[in-house]
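The values are calculated or read from the model by the stated rules, or taken from the named source; none is laboratory data. Quick caveat: nothing in here was measured; it's all calculated off a predicted structure. Backbone-built Cβ (ideal geometry, glycine too); neighbour counts: all protein chains shown.
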Amino acid sequence: MMKTRWPEAYKVIEKLENAGFQAYVVGGAVRDFIRNVDANDVDVTTNATPNEVKQLFPHTIDVGIEHGTVLVVLSETIEVTTFRSETTYTDFRRPDAVTFVRSLQEDLKRRDFTMNAMALTKSDELIDYFGGREDIVNKIIKAVGDPAQRFAEDALRMLRAIRFSAQLNYSLEQETMEAIQSLHHLVAHVSMERVKVELEKIWISDFVGNGMELFVSSHLSDNFPGDWETYRNCWRGFSSFGNTANGWAFFAIMQPHAEVESLLSYYKCSNAEKTHVKQVLEALEQLEKGCWNLYSFFQFTEKVLIAASSYARQLLNIEVVYTAEQIQQTKAKLPISSAKEVVVNGNDLMEWTKKKRGPWIREAMEKITVMIVNGKLVNDKAEIMEWFFQEYIDDDLQI
Ligand code: ATP
Ligand code: MG
């Protein structure tokens, strides 16, 4: 059993118990313990109030006292949350108020899925009121209680359901799926930041195809712009190569070019993500026209080239593809790996020509760079100068 982070959680539990409180490991860690895999983080739940927790541990951090959460800092940081239930929900997203409750069962009842609604005592005794263990054995994601009510309380849970299916290769229990199909429109109440996080978690999951298939078949995708449907099967072969921006690149390839920029803005992609997507599309365009030349290998990062060559095959049926190794080798053999390595600069050009600064400098520097990358010009000041006056200045330079 892999429980590398648990000793610290057990210290927290023991201290709380010694002070007369109840405390348990809960949530994802218990799920992963039953699944026999290592958990990302270990959460503890207790009937002690946040202030009582703070009094017991010398080093704590307030992260959400009003929600009952305190971080206890030992050699690891353990999230300790007071038993709570959530009262009414009016915005389909956050509870209007959080009430601290005295029983563990009340706390477990407000959790999203049966697999996430179990608790474990310090001596590994499982507390499972809703059949979570059985659902894990059967690989089923099932809402705790009435799924329609639970999704109406918090629409984010619908996205979490399909995300877990992508991470765990579990299927959605029928009533849970039907509730999503009838309430999918409520997902419009979830902030785009949260939607983005869940989509990206799907994209870096092992079973991304499950998640994207469910995203469409549940009709959740109807609430989001872009064509999610036409290429829905292609996601099965998708690899993010560990980079979430590649999910946006893959999605962008499936959209009309003219719409990509505004779609990425709608999904609140960062400038770095937009640049990455743009470059993958550019690299693909070059592949569609023929194949990459040395300048392509110079111009695009390894990440962009790996993504583009893989998605070219998958989405555009382009045969010319490069393995990651070939890409690395070709890049390594280039005479220069960045424009900064060119031994002359704009000041040199101005000095040589006695001409004023202007767009001609960028054009000339670009031409010089292309020549060097293609092996047609040696990256040496004297050689570049000679070429510049003999070949370039007469033909190309209009000054
Ligand atoms: P991960 O491995 O992704 O961290 P997790 O199950 O730990 O999975 P968290 O988002 O860290 O997921 O949440 C911790 C626990 O809090 C969940 O296991 C679940 O019991 C509960 N939970 C989280 N979000 C919700 C929600 N929107 N509605 C109800 N319960 C939730
Ligand atoms: Mg977690």
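Can you tell me which of (1) in contact (Cβ under 8 Å) with a residue 40 or more places away in the chain; (2) over 28 Å from the mean Cα position of the chain (by Cα) is the one V72 doesn't meet?
Failing condition for V72: (2).
Right, A119: surrounded by 23 or more Cβ atoms within 10 Å (Cβ to Cβ), in the same structural domain as A9 (by TED's automatic domain parsing) and in contact with a strand residue (DSSP E or B) (Cβ under 6 Å, 6 or more places away or on another chain) or not?
On the way: surrounded by 23 or more Cβ atoms within 10 Å (Cβ to Cβ): yes; in the same structural domain as A9 (by TED's automatic domain parsing): yes; in contact with a strand residue (DSSP E or B) (Cβ under 6 Å, 6 or more places away or on another chain): yes.
For A119, the condition - surrounded by 23 or more Cβ atoms within 10 Å (Cβ to Cβ), in the same structural domain as A9 (by TED's automatic domain parsing) and in contact with a strand residue (DSSP E or B) (Cβ under 6 Å, 6 or more places away or on another chain) - is met.
Look through region 75-92, keep the residues that are touching a residue at least 24 places away in the same chain (Cβ under 8 Å) and not in a strand (DSSP E or B), and return whichever of them is farthest from ligand 1 (Cβ to nearest atom).
S75
Residue pairs, Cβ under 6 Å, 6 or more apart or interchain, first in region 107-131 and free of Cβ contacts under 8 Å to residues at least 60 places away in the same chain, second assigned to a loop (DSSP other than H, G, I, E, B) and among the charged types (D, E, K, R). List them.
Pairs found: T114/K142; A117/R111.
Residue by residue, here is whether (1) farther than 19 Å from I318 by Cα; (2) touching a Phe, Trp or Tyr at 6+ places or on another chain (Cβ under 7 Å) holds:
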position: F224; (1), (2): yes, no
position: C234; (1), (2): no, no
position: S239; (1), (2): no, no
position: T244; (1), (2): yes, yes
position: F251; (1), (2): no, no
position: H257; (1), (2): no, no
position: S265; (1), (2): yes, no
position: K268; (1), (2): yes, no
position: T275; (1), (2): yes, no
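Against the definition (loosely packed, with under 15 Cβ neighbours inside 10 Å and either within 27 Å of the chain's Cα centre (by Cα) or farther than 29 Å from N246 by Cα (or both)), how does E341 come out, yes or no? First the steps, then the outcome.
Values: loosely packed, with under 15 Cβ neighbours inside 10 Å: yes; either within 27 Å of the chain's Cα centre (by Cα) or farther than 29 Å from N246 by Cα (or both): no.
Here the answer is no, as E341 does not meet what is asked.
For region 196-266, give me every one of the helices (runs of 4 or more DSSP H) that falls completely inside it and has 2 or more residues that are crowded, with 22+ Cβ neighbours inside 10 Å and in contact (Cβ under 8 Å) with a residue 40 or more places away in the chain.
208-217, 245-253
Which one of R150, R157, R93, R102 is touching a helix residue (DSSP H, G or I) at 6+ places or on another chain (Cβ under 9 Å) and at pLDDT below 90? Show your work before the answer.
Numbers: R150 fails: at pLDDT below 90; R157 fails: at pLDDT below 90; R102 fails: touching a helix residue (DSSP H, G or I) at 6+ places or on another chain (Cβ under 9 Å).
Unique residue meeting the criteria: R93.
Residues in region 130-146: is at least one at pLDDT 95 or above, within 23 Å of V53 (Cβ to Cβ) and of a type in the set (S, T, N, Q)?
If we filter region 130-146 for residues that are at pLDDT 95 or above, which is where we start, we get 130-146.
Right, trim to within 23 Å of V53 (Cβ to Cβ) and you get none.
Within region 130-146 (the criterion being at pLDDT 95 or above, within 23 Å of V53 (Cβ to Cβ) and of a type in the set (S, T, N, Q)), the answer is no, since none of the residues qualifies.
Which of the numbered conditions does L120 fail, given that it passes all the others? Conditions: (1) within 12 Å of ligand 1 (Cβ to nearest atom); (2) at pLDDT 90 or above; (3) more than 23 Å from A148 (Cβ to Cβ); (4) touching a helix residue (DSSP H, G or I) at 6+ places or on another chain (Cβ under 9 Å).
(1)
Kindly indicate whether any position in region 99-110 is within 30 Å of L172 (Cα to Cα), within 13 Å of ligand 1 (Cβ to nearest atom) and within 25 Å of the chain's Cα centre (by Cα).
The answer is no, given that none of the residues of region 99-110 is within 30 Å of L172 (Cα to Cα), within 13 Å of ligand 1 (Cβ to nearest atom) and within 25 Å of the chain's Cα centre (by Cα).
Test L108 against the criterion of being under 20 Å from N47 (Cβ atoms) and buried (at least 21 other Cβ atoms within 10 Å of the Cβ), and give yes or no.
It is true that L108 is under 20 Å from N47 (Cβ atoms) and buried (at least 21 other Cβ atoms within 10 Å of the Cβ).
Does F57 satisfy being farther than 22 Å from R110 by Cβ, among the hydrophobic types (A, V, I, L, M, F, W, C) and crowded, with 18+ Cβ neighbours inside 10 Å? Steps first, answer last, please.
On the way: farther than 22 Å from R110 by Cβ: yes; among the hydrophobic types (A, V, I, L, M, F, W, C): yes; crowded, with 18+ Cβ neighbours inside 10 Å: yes.
For F57, the condition - farther than 22 Å from R110 by Cβ, among the hydrophobic types (A, V, I, L, M, F, W, C) and crowded, with 18+ Cβ neighbours inside 10 Å - is met.
Taking the condition of being more than 32 Å from the chain's Cα centre (by Cα), surrounded by 15 or more Cβ atoms within 10 Å (Cβ to Cβ) and either within 15 Å of ligand 2 (Cβ to nearest atom) or not in a loop (DSSP other than H, G, I, E, B) (or both), how many residues in region 24-53 meet it?
Selection size over region 24-53: 2.
When region 54-78 is examined, which residues are found to be among the charged types (D, E, K, R) and within 16 Å of ligand 2 (Cβ to nearest atom)?
Here is the first cut: in region 54-78, the ones among the charged types (D, E, K, R) are 54, 62, 66, 76.
E76 - this is the single residue of region 54-78 that is among the charged types (D, E, K, R) and within 16 Å of ligand 2 (Cβ to nearest atom).
Would you mention how many residues in region 27-47 are on the phi < 0 side of the Ramachandran plot, within 11 Å of ligand 1 (Cβ to nearest atom) and in contact with a strand residue (DSSP E or B) (Cβ under 8 Å, 6 or more places away or on another chain)?
7
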